[in-house]
Every structure is written in structure tokens, then in C-alpha cells.
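Trainee: Below is one structure. I have some questions about it.
The values are calculated or read from the model by the stated rules, or taken from the named source; none is laboratory data. Computed from a predicted model, the values in this text were never measured in an experiment. Reconstructed Cβ throughout: ideal geometry from the backbone, glycine too, with neighbour counts over all protein chains shown.
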Amino acid sequence: MPKLRVKLARRDEIAAATWAFTLGLDGQAFSFKPGQTIDLTYPNMPTEDPAGNRRTFSIASKPGLDHLQIATRVRGSGFKQSILQADLGTTLELDGPYGSFTLPNKPSSVVLLTGGIGVTPFRSMALDAAARSLEHALLMIHSNRTPEEAPFLEELQRLASEFRRFTYRPTMTQADRSKRPWNGDRRRVDRDYLSEVIPSQRDGSLYYAAGPERFVGAVVQILKAMGIDEDQIRFEEFPGY
């Protein structure tokens, strides 16, 4: 599969220490399904990184646009610092798409469980479902410490108000630390919480989990303890890098 050369077209801080990067396709065809990933390479990267100049990202935007969007927490790695400081117009190389972490074709009831920046593949799914008026019933449970740290919070709240088949349930586990008012859930994503918010009719539903490894591992174990069959569970971990 040949690499695509894309240009860094825009970057936006979407939450505390969390940035979205827009990659211009410059008219090149690129097809993908929401939930898939790309590998992004920074040729001649100016800052050294022991892990190299290549990273895997979930696509955060919906298909059919003239650009792609990815998002990540930016900490101290050379790769992330380089892309954060790169001039707009910098050329990057893209491989993909990869993965089968995608919604079924058949309309289904789907619960999307995510923590922090793990929301990116689910944002793509929700935007695409709304754009195409899909018949899937989507419930997204999104755990963050504070509203300031919640990527795409306002956008997803707005989308849920506009698209009736998408329900967005953010929960802030340390809302007392926030400088912004928060009137929503303040619960941890544990068995008691999921038993309350997940629809009681669970036969045939699908459960997708994405985010930090510890979050995903805990959620998968909770779902199994609730009697949900392994065949109904899909998950994708976001290791630190």
C-alpha cells in the first residue's frame, strides 16, 4: 500500500494538553471506515524520539472530507512535540487505513465506552452516523476527570441534541477540581454506574471500549461480570507513547 503525502493544515487545542491535528489530503483519494487507524510518519523529524518518527492514530473525523483529523494528548515525546511545533504546511506521510474496530452494517444497539482521548474513533462513528442518518442506536459513555480535560465535549453534547439516535453521557470523576460548572454525572465507570446507565435489554447489543489500557481492561472485565457475552464486546487500547 503506497504512502500518502499529507500536509499539516491546522491544529487546535481541544482540551487541556490535548490537540487535534488536521491533515490535508490535497485532492488525494482516501477511503476509510469510522473506527479505523492510520500510521503517521514525520520524515526528517527535528526532535529525537527513542520510539522513532512513526505513530498510530485513530481517525477522529468522518469519511468523505478533503482532510483527516487525529487527536492526541501532547506530553513529552519527541514525536508529539515535533508535530505540535511543526509549521503549518509541513509534509507528513500516511499509511492505512487499518483495523476492524468498526460498526456493523446491520442497524444495532451499540454502547461506546471511552476514557479521555480514547473518544477519537467514537467521534468518527457518531459524526458519520449523524451525517448518513444511520439507524444504529448509539450510547456513548465518556469518562474524564474534569470538563477541561474532556476532548470534543461541547461538540458531542451538541451532536446528541441534534441527532436523536445518539446519546452522549459524559461523566467527570474529579469535577470538584474544575473551574467550570458541571451539572452532569460525577461517577466512575464501575459496575454500579454501568448497571444504571446501560439499557437493561442487552441481548443483541454490542459494547465497544476504547481508551487507556487500564480503563479498557477494567471495563471489559465489568461487562463480562455483568453477564455480557465476549462475542458482544469489542475493544481497542491506547497505550502511552
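Trainee: Does region 95-108 contain at least one residue that is surrounded by fewer than 17 Cβ atoms within 10 Å (Cβ to Cβ), out of contact with any helix residue (DSSP H, G or I) (no Cβ under 6 Å at 6 or more places or on another chain) and among the charged types (D, E, K, R)? I'd like the intermediate steps shown before the answer.
Mentor: Filtering region 95-108 for residues surrounded by fewer than 17 Cβ atoms within 10 Å (Cβ to Cβ) gives 95, 98, 100, 104-108.
From what is left, the residues that are out of contact with any helix residue (DSSP H, G or I) (no Cβ under 6 Å at 6 or more places or on another chain) are 95, 98, 100, 104-108.
Subsequent filtering for residues that are among the charged types (D, E, K, R) retains 95, 106.
Yes, the conditions are met somewhere in region 95-108.
Trainee: Condition first: in a strand (DSSP E or B), among the aliphatic types (A, V, I, L, M) and within 25 Å of residue 129 (Cα to Cα). Can you find one or more residues in region 10-17 that meet it?
Mentor: So in region 10-17, the residues in a strand (DSSP E or B) come out as 10-15.
Going one step further and asking which of them are among the aliphatic types (A, V, I, L, M), we end up with 14-15.
Right, trim to within 25 Å of residue 129 (Cα to Cα) and you get 14-15.
The answer is yes, given that some residue of region 10-17 is in a strand (DSSP E or B), among the aliphatic types (A, V, I, L, M) and within 25 Å of residue 129 (Cα to Cα).
Trainee: Can we say residue 149 is surrounded by fewer than 15 Cβ atoms within 10 Å (Cβ to Cβ) and of a type outside the set (Gly, Ala, Ser)?
Mentor: On the way: surrounded by fewer than 15 Cβ atoms within 10 Å (Cβ to Cβ): no; of a type outside the set (Gly, Ala, Ser): yes.
Spelling it out, it is not the case that residue 149 is surrounded by fewer than 15 Cβ atoms within 10 Å (Cβ to Cβ) and of a type outside the set (Gly, Ala, Ser).
Trainee: In region 169-177, is there at least one residue being surrounded by fewer than 16 Cβ atoms within 10 Å (Cβ to Cβ), of a type in the set (A, V, I, L, M, F, W, C) and farther than 21 Å from residue 102 by Cα? Before the answer, list the steps.
Mentor: First pass over region 169-177, keeping only residues surrounded by fewer than 16 Cβ atoms within 10 Å (Cβ to Cβ): 174, 176-177.
Next, only the ones that are of a type in the set (A, V, I, L, M, F, W, C) stay: none.
No, there is no match, as no residue in region 169-177 is surrounded by fewer than 16 Cβ atoms within 10 Å (Cβ to Cβ), of a type in the set (A, V, I, L, M, F, W, C) and farther than 21 Å from residue 102 by Cα.
Trainee: Counting only residues that are hydrophobic (A, V, I, L, M, F, W, C) and out of contact with any Leu (no Cβ under 9 Å at 6 or more places or on another chain), which one in region 8-28 is surrounded by the fewest Cβ atoms within 10 Å (Cβ to Cβ)?
Mentor: Within region 8-28, the subset hydrophobic (A, V, I, L, M, F, W, C) is 8-9, 14-17, 19-21, 23, 25.
Right, trim to out of contact with any Leu (no Cβ under 9 Å at 6 or more places or on another chain) and you get 16-17, 20.
Numbers: 16: 14, 17: 12, 20: 20.
The extreme case among them is 17.
Trainee: Return the only residue of 187, 191, 234 being in contact (Cβ under 8 Å) with a residue 60 or more places away in the chain, surrounded by 12 or more Cβ atoms within 10 Å (Cβ to Cβ) and either under 20 Å from residue 125 (Cα atoms) or of a type in the set (D, E, K, R) (or both). I'd like the intermediate steps shown before the answer.
Mentor: Details: 187 fails: in contact (Cβ under 8 Å) with a residue 60 or more places away in the chain; 191 fails: in contact (Cβ under 8 Å) with a residue 60 or more places away in the chain.
Step by step, each of 187, 191, 234 is checked, and only 234 is in contact (Cβ under 8 Å) with a residue 60 or more places away in the chain, surrounded by 12 or more Cβ atoms within 10 Å (Cβ to Cβ) and either under 20 Å from residue 125 (Cα atoms) or of a type in the set (D, E, K, R) (or both).
Trainee: Now for a different question. Out of the residues in region 154-208 that are more than 25 Å from residue 128 (Cα to Cα), of a type in the set (A, V, I, L, M, F, W, C) and in a helix (DSSP H, G or I), state the one that is nearest to the chain's Cα centre (by Cα).
Mentor: Per the stated criteria, the residue is 194.
Trainee: Next up: Within region 18-43, which residues are closer than 15 Å to residue 84 by Cα and either over 18 Å from the mean Cα position of the chain (by Cα) or assigned to a loop (DSSP other than H, G, I, E, B) (or both)? First the steps, then the outcome.
Mentor: Just the residues of region 18-43 that are closer than 15 Å to residue 84 by Cα, to begin with: 18-23, 40-43.
Within region 18-43, 41, 42, 43 meet the criteria.
Trainee: Quick check on region 110-137: of everything there that is crowded, with 24+ Cβ neighbours inside 10 Å and part of a strand (DSSP E or B), which residue is farthest from the chain's Cα centre (by Cα)?
Mentor: Per the stated criteria, the residue is 111.
Trainee: Still on this model: Determine the pairs where a residue that is under 27 Å from residue 128 (Cβ atoms), located within region 34-54, has a partner that is surrounded by 19 or more Cβ atoms within 10 Å (Cβ to Cβ) and among the hydroxyl-bearing types (Ser, Thr, Tyr) with Cβ atoms under 7 Å apart, the partner being 6 or more residues away or on another chain.
Mentor: Note: pairs meeting the criteria are 34/124; 35/124; 37/58.
Trainee: Just a yes or no: is a residue in region 166-181 closer than 21 Å to residue 57 by Cβ, in contact (Cβ under 8 Å) with a residue 12 or more places away in the chain and of a type in the set (Phe, Trp, Tyr)?
Mentor: There is no residue in region 166-181 that is closer than 21 Å to residue 57 by Cβ, in contact (Cβ under 8 Å) with a residue 12 or more places away in the chain and of a type in the set (Phe, Trp, Tyr).
Trainee: Quick check on region 209-231: of everything there that is under 21 Å from residue 136 (Cα atoms) and surrounded by 11 or more Cβ atoms within 10 Å (Cβ to Cβ), which residue is nearest to the chain's Cα centre (by Cα)? Outline the logic, then answer.
Mentor: Start the filter on region 209-231 by keeping residues that are under 21 Å from residue 136 (Cα atoms), which leaves 209-210, 223, 228-231.
With surrounded by 11 or more Cβ atoms within 10 Å (Cβ to Cβ) added as a condition, the list becomes 209-210, 223, 228-229.
Values: 209: 10, 210: 7, 223: 20, 228: 23, 229: 24 Å.
For region 209-231, the residue satisfying everything is 210.
Trainee: For region 66-79, what are the residues that are touching a residue at least 24 places away in the same chain (Cβ under 8 Å) and either surrounded by fewer than 18 Cβ atoms within 10 Å (Cβ to Cβ) or outside any strand (DSSP E or B) (or both)?
Mentor: Just the residues of region 66-79 that are touching a residue at least 24 places away in the same chain (Cβ under 8 Å), to begin with: 66-75, 77-79.
Across region 66-79, the qualifying residues are 66, 67, 73, 74, 75, 77, 78, 79.
Trainee: In this structure, does residue 1 turn out to be at pLDDT 95 or above and outside any strand (DSSP E or B)?
Mentor: Numbers: at pLDDT 95 or above: no; outside any strand (DSSP E or B): yes.
No, not satisfied.
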